[in-house]
Amino acid sequence: QFATRVVSCRAAELRPEGGGEPVRGFQVVLEDTILFPEGGGQPDDRGLIGDVPVLRVTRRGPEAVHFVPAALEPGAEVLLSLDWERRFDHMQQHSGQHLITAIAEQMFGFKTTSWELGRQRSVIELDTPSVTAEQVEALERSVNEKIRERVPVVVRELAADDPEIETVRSRGLPDDHVGPVRVVDIEGIDSNMCCGTHVSNLSDLQVIKLLGTEKGKKNKTNLVFLAGNRVLKSIEQSHSTEKALTSLLKSGPGEHVEAVKRLQGSVKLLQKNNLNLLRDIAVLIARDFRSKPVQSQLLVLHRKEGDSEFMNIIANEIGTEETLLFLTVGDEKEAGLFLLAGPAEAVENLGPRVAELLGGKGAGKRGRFQGKATKMSRRGEVQALLQEFISQRSPEA
């Protein structure tokens, strides 16, 4: 907590991080603050000004701007409270990034070009086209050795014209920077120009887990990592998943992969058998229709289980020179597929109208029009349209 005073408060809007409508509120500047404004790859802190929540903290020149949902009186004394759990998580990830970056460059010459502290995991962009699994393993082993050695992390401030700045690792200062330069030292390992929040000793990182690499931008590799409490949370989530799978699969963790492979094989076999049965049913439906002494000019058929092949088999078996077929598959009250088949001229005329009624899209040629439908519940309207078309074409029908 930190006691301070409100300098200014003005109405403003905040765009949510996940998108959506802007939130109305106020931008508040304090005499001083313990909440870190986003920057340097690190997200902002959160907390309270009195009992008013701080929803975002950004930097405007040398000032930290706090976005809050309620107005605060300029000149008022306020107590600022920090969300320590969020702050400590960011400290662990940021100091972890400094350590990984330094050791990766020392061991393999991989320079860091950028990094991102994400909500679930963090990513370091390395200036190399590839990193081997063996290098990842060696890097993880080395950074955790440094954590166990309890190496101190020290913050220094240097004058902007201090020649020592030339020896400090840096991606450059912001254009609007004034005053001293902040340097974060991991004793004997790294010296880095940085504005972010850090632990005071590597032992506070607890542990670092490198999750592997992903292909980055051109000739770059993204190294994914977790530090500190995020490792413990990841283990907890994995253990919960493992317990659930053990219960579902009726086998121990060591047998989960083989059990899932067996299930996948069974599902593939069932799907194949189901498709064969659907094809047989399609043929039988067509033969039953053709066996009737008087052929109807319209066949309307819906089946929840089916696919486009199922519908096309029926159309092929019946033949569509004289009969108009309206076939649908899928959930009768939701979305599905449709096929209109019959005399080419009739299908060409009716196909787009059928698609429109079903709230879908489709295309057709040579007496077939098929597509996706979002309003299968309107099948009755389509049937009425087709019956009206047939009546107009053949009054005697």
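The values are calculated or read from the model by the stated rules, or taken from the named source; none is laboratory data. Note that the structure is a prediction, hence the values are computed from the model and not measured. Cβ: placed from backbone, ideal geometry, glycine included. Neighbour counts: every protein chain shown. Please note that ligands, DNA and RNA were not included when accessible areas were found on the heavy atoms of the full protein model with its side chains. Shrake-Rupley method; radii C 1.70, N 1.55, O 1.52, S 1.80 Å.
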Requested in this report: Tally the DSSP beta bridges in the range 274-393 and give the antiparallel ones as a percent, rounded to 5.
Outcome: 75 percent
Query raised in the report: For the range 274-393, what value does the Rg/Rh ratio take when both radii are computed over Cα atoms and Rh is the Kirkwood radius, given to two decimals?
Result: 0.94
Query raised in the report: Under a no-solvent Debye model with one identical scatterer per Cα of the chain, what's log10 I(q)/I(0) at q = 0.07 Å⁻¹?
Result: -0.63
Report summary line: Given a Förster distance of 56 Å, the FRET efficiency implied by the Cβ-Cβ spacing of E258 and H302, rounded to the nearest 0.05, works out to 0.85
**Report entry** Per residue accessible area in Å² of the range 69-221, where ligands, DNA and RNA are left out and the probe is 1.4 Å
**Finding:** 54 Å²
Query raised in the report: Counting only protein heavy atoms and using a 1.4 Å probe, what share of the accessible area of the chain belongs to carbon plus sulfur, as a whole percent?
Result: 51 percent
Query raised in the report: Gap in Å between the Cα centre of the range 89-114 and the Cα centre of the range 1-74?
Result: 29 Å
**Report entry** Label-point separation, S251 to D175 (7 Å along Cα→Cβ), nm
**Finding:** 6.0 nm
Requested in this report: Find the accessible area per residue for the range 274-393; the probe is 1.4 Å, ligands and nucleic acids are left out, and the unit is Å².
Outcome: 56 Å²
Query raised in the report: Along the charge dipole of the chain, which of I390, V57, A373 sits closest to the positive end, that is, farthest toward it, with unit charges on the beta carbon of Lys, Arg, Asp and Glu (+1, +1, -1, -1)?
Result: I390
Report task. For n ≥ 4 DSSP H runs only, could you compute -39500 (n - 2.57) per run for the chain, divide by its residues and tell me the 222 nm figure to the nearest 500? Result -> -12000 deg cm²/dmol
Query - Listed residues P152, A244, T197: farthest to the positive end of the dipole of the chain (Cβ charges) - result: A244
Query raised in the report: Based only on the alpha carbon positions, what is the Kirkwood hydrodynamic radius of the range 2-82, in angstrom?
Result: 12.7 Å
Query raised in the report: What percentages, rounded to whole numbers, describe P(r) for the range 97-229 computed over all alpha carbon pairs with 10 Å bin width beginning at zero?
Result: 11, 42, 35, 12, 0
Query raised in the report: Rounded to the nearest 20 Debye, what is the dipole magnitude of the chain about its Cα centre when Lys and Arg each give +1 and Asp and Glu each give -1 at the C-beta?
Result: 1840 debye
Report task. May I ask you to derive the relative contact order of the range 274-393, considering only C-alpha pairs under 8 Å and at least 6 residues apart, and to give it as an integer percent? Result -> 20 percent
Report summary line: Expressed in angstrom and ordered largest first, the alpha-carbon extents of the range 1-150 along the principal axes are 58, 36, 25
